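K.L.:
Take a look at this one; I'll ask things after.
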Amino acid sequence: MAPLSMALQAAQYTYQKQLLTWSILLIALVGVCVCARPNPVGQTSRQATDTLGKDKPYSSDKQLIAKGQSLFQTNCSACHNFRQKGIGPNLAGVTTAVTPTWLRAFVRNAPEQISRGDARAVRLFEEYKQYMPAFPALSDPDLEAILAFVHTNQKQRLPEAKNENLGAAIDDPVPAKIAKSGLRLRIEDVLTAPATAQAKPLARINKMLVLPGQPDRVFIEDLRGKLYELIADSLRTVMDLAKERPNFIHTPGLATGFGSYAFHPDFYRNGLFYTTHTEKAGTAPTDFAYADSIKVTLQWVITEWKITDPTSAVFTGTGRELFRVNMVSPIHGVQEITFNPLARPRSPDYGLLYIGVGDGGATENGYPFLCHDKSHVWGSVMRIDPKGTNSRNGRYGIPATNPYAKDKPTTVKEIYCRGFRNPNRICWTPNGNMLITDIGQARMEEINIGIAGADYGWPEREGTYLMNSRGNMGKVYALPANDKSAHYVYPVAQYDHDEGNAISGGFVYTGTATPQLQGKYIFGDVVNGRIFYVESNALTLGRQAVVQEIELEHAGKPTTFQELSDSKKTDLRMGMGLHGDLFLYTKSDGKMYRVAAVRANP
């Protein structure tokens, strides 16, 4: 497994195209002018674009539309569809809301229009909390193809129907604001990860993990394929998944690529190591599929590696595929695999691999049934025995202690618990609770206690609220009077999108360097980079733990991760290092920080 130098120019081109498409499609909804000054009151988008010349209609050429569909699926579908609001806006109606001339012109410098203060542009920016950069280098044929395809999908907007029995939508699910804790983290620079692209995010550093041994070792992976070992304050490449698996891809999608990894608890004796990664649709037969009439955007692959020398500075060995899963879209994949670190030899949970499988965007793309019951794997946390053989493909085992191990034949017996949109992080508290963070749709972010056989409600619930998965998923409603009959398990802590957009799961602090954090579950928000905590002993089923915010200090001054990364989307992640040290890092710039101290705000 020799290191592989990344194809930086190709990565830059792919990423720029993705961000550029964001610029076109996200900002296209605002309906503002591209003139040098704000729209006069009452001026329409068409009036504002008259100075740009006569509108050229969208092409109806079938070959061009097919090209646009391919470009859209590769570069846009991670954030947009034509049915629901997702990471970005619902695009149904875009080409009828503004003129073709406006759409073509605006993409050349979208941030400039926002900076000029157009009210609608600013309002949309504040909702999605990130700028779309200008990309004047987009080819005209690609732009025409994308817009032609988008224009063919303008009739898919969901009507405001099927909501009549749900009551009034709740505009502010959690009215109380997250309070400041009075604590401030003093963070210090550690390193900047090697750039694996020339445009943001520069380094997609993701999961940090301590491998216990003599001595303990600390690892962190980059979604573009690299596994690093953190030695002192530098990174050394241990493995390059992109070289080991020629079909490896890290685009499209915001979390595709080298998704997660885990060491078998007996790693230093058996050399077993596990990874997840993405490949193109149809690369190989899948173990978890759905009807041929539903598109497949990519496949997630779970691999077991047999490392020849577990103590080696560079991992070499062989890998075998455990299984692969088809996904409707590039979002919400297999972003977490882990072993229970509290399980001891000969205990029922020892050596069993937990696998978080997201819904793959099935719900917001119109297929909620794919993640609505235990006959489908999407939206679940699986538990398997990698050393067993009683699965359908014979490559791994289904533990007899799994809650559905003896269920009817149509049940996915690997499921441990289910009802999640994106179970992207799993950890255990010192008192034995399994915590699962779930990234929400349009309203709520969740922390859940994992319980065997439990159903957490997605896509019928978001947080502690009712959601209409067949109507407008951007709204939530009060729980029905007969809610107990559904037997859903609800989060033990949550926050709404007044506070952030996507939860960045963490862990319970057990280190000694900062005793003020002892017993606190530390987590944050991926987009705005705010740091939160809840007391781990307050995480109890049936009630909501109080979420508090911890502020930041760097180089002697109060700051935020948006300021430090110079980005509205920080891509915040966190990890635990040696001796329980707390690390915080931002994918937007690849910078890693260590918490040096905690003090009370002055």
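The values are calculated or read from the model by the stated rules, or taken from the named source; none is laboratory data. Please read these numbers as outputs of a predicted model, since none were measured by experiment. Heads up, the Cβs are rebuilt from the backbone with ideal geometry, glycines too, and the neighbour counts pull from every protein chain shown. Calculation scope for accessible area: heavy atoms of the full protein, side chains included, ligands and nucleic acids excluded. Shrake-Rupley method; radii C 1.70, N 1.55, O 1.52, S 1.80 Å.
K.L.:
Using only the alpha carbons of segment 344-396, determine the length spanned along each of the three principal axes and report them from longest to shortest in whole angstroms.
P.N.:
44, 24, 15 Å, listed from the longest principal axis down.
K.L.:
Using θ = phi - 60° and the Karplus form 6.51 cos²θ - 1.76 cosθ + 1.60, what ³J(HN,Hα) does each residue of segment 426-440 get, whole Hz, x for Gly and Pro?
P.N.:
Karplus values, whole Hz, x for Gly and Pro: 10, 8, 10, 7, x, 8, x, 6, 8, 10, 10, 8, 10, 6, x.
K.L.:
Using the Kirkwood radius built from alpha carbon pairs, what does the Stokes-Einstein equation give as D for segment 183-332 at 20 °C and 1.002 mPa s, in µm² per second?
P.N.:
129 µm²/s
K.L.:
If you roll a 1.4 angstrom probe over the protein chains with everything in place, what fraction of the accessible area of segment 158-291 belongs to carbon and sulfur, to the nearest %?
P.N.:
Carbon and sulfur together cover 54 percent of it.
K.L.:
Okay, moving on. Students often get this wrong, so check it: of 85/177; 243/520; 306/413; 85/406, which have C-alpha atoms separated by over 31 Å?
P.N.:
Working: 85/177 24 Å; 243/520 39 Å; 306/413 26 Å; 85/406 39 Å.
Result: 243/520; 85/406 exceed 31 Å.
K.L.:
Could you pull the Cα extents of segment 459-536 along its three principal axes, largest to smallest, in whole Å?
P.N.:
That gives 48, 28, 15 Å along the principal axes, largest extent first.
K.L.:
Moving on to the next point. Hey, what's the per residue convex hull volume over the C-alpha atoms of segment 483-602, in cubic angstrom?
P.N.:
Considering the Cα atoms of segment 483-602, their hull volume per residue is 126 Å³.
K.L.:
Could you state the per residue volume, in Å³, of the convex hull enclosing the Cα atoms of segment 533-602?
P.N.:
It is 137 Å³ per residue.
K.L.:
Using the Karplus equation 6.51 cos²θ - 1.76 cosθ + 1.60 (θ = phi - 60°), what ³J(HN,Hα) coupling, rounded to whole Hz, does each residue of segment 270-277 give in order, writing x for Gly and Pro?
P.N.:
Once θ is set to phi - 60°, the couplings for segment 270-277 become 10, x, 8, 9, 10, 9, 10, 7 Hz.
K.L.:
Convex hull volume of the Cα atoms in segment 195-278, per residue, in Å³?
P.N.:
Values: hull volume 8.0 nm³, N = 84.
Here the figure is 96 Å³ per residue.
K.L.:
Another question, if that's okay. Give me the orientation-averaged projected area of the Cα convex hull of segment 309-400, in nm², one decimal.
P.N.:
That works out to 8.0 nm².
K.L.:
Right, here's the next one. Gap in Å between the Cα centre of segment 172-219 and the Cα centre of segment 318-344?
P.N.:
Computed from Cα coordinates, the inter-centre distance equals 21 Å.
K.L.:
Sequence-distant or interchain residues sharing an amide H contact under 5 Å with residue 388, placed H: which?
P.N.:
Here 397 satisfy the definition.
K.L.:
Next question. Name the residues whose placed amide hydrogens come within less than 5 Å of the amide hydrogen of residue 461, ignoring near sequence neighbours (fewer than 5 apart) on the same chain.
P.N.:
467
K.L.:
Could you provide, to the nearest whole Å², the per residue accessible area of segment 522-602 with probe 1.4 Å? Don't skip to the end; give the middle numbers.
P.N.:
Details: 3070 Å² over 81 residues.
Accessible area per residue: 38 Å².
K.L.:
Next up: Net charge around residue 183, counting only other residues with Cβ within less than 14 Å of its Cβ (Lys, Arg = +1; Asp, Glu = -1)?
P.N.:
+2
K.L.:
Then there's this: Which trypsin sites (Lys or Arg not before Pro) in segment 268-350 sit in a loop by DSSP (not H, G, I, E or B) and have at most 15 other Cβ atoms within 10 Å of their own Cβ?
P.N.:
295, 346
K.L.:
Evaluate the charge dipole of segment 408-492 about its Cα centre and quote only its size in Debye, nearest 20, assuming +1 on the Cβ of each Lys and Arg and -1 on the Cβ of each Asp and Glu.
P.N.:
200 debye
K.L.:
For segment 253-334, report the % of Cα-Cα distances exceeding 18 Å.
P.N.:
Above the 18 Å cut-off, segment 253-334 has 46 percent of its Cα pairs.
K.L.:
What percentages, rounded to whole numbers, describe P(r) for segment 316-469 computed over all alpha carbon pairs with 5 Å bin width beginning at zero?
P.N.:
Percent of pairs per bin, in order: 2, 10, 19, 23, 21, 14, 8, 4, 1, 0.
K.L.:
At a threshold of 8 angstrom on Cα-Cα distance, excluding pairs fewer than six apart, so keeping six or more, what relative contact order does segment 171-326 reach in percent?
P.N.:
14 percent
K.L.:
Whole-Å semi-axes of segment 257-304's equivalent ellipsoid, largest first, each the root of 5 times a Cα gyration tensor eigenvalue? Mind showing how you got there, number by number?
P.N.:
Values: eigenvalues 166, 21, 11 Å².
Square roots of five times the eigenvalues give 29, 10, 7 Å.
K.L.:
Also: What Rg and what Dmax come out for segment 245-284 when only alpha-carbon atoms are used, in angstroms?
P.N.:
12.9, 37
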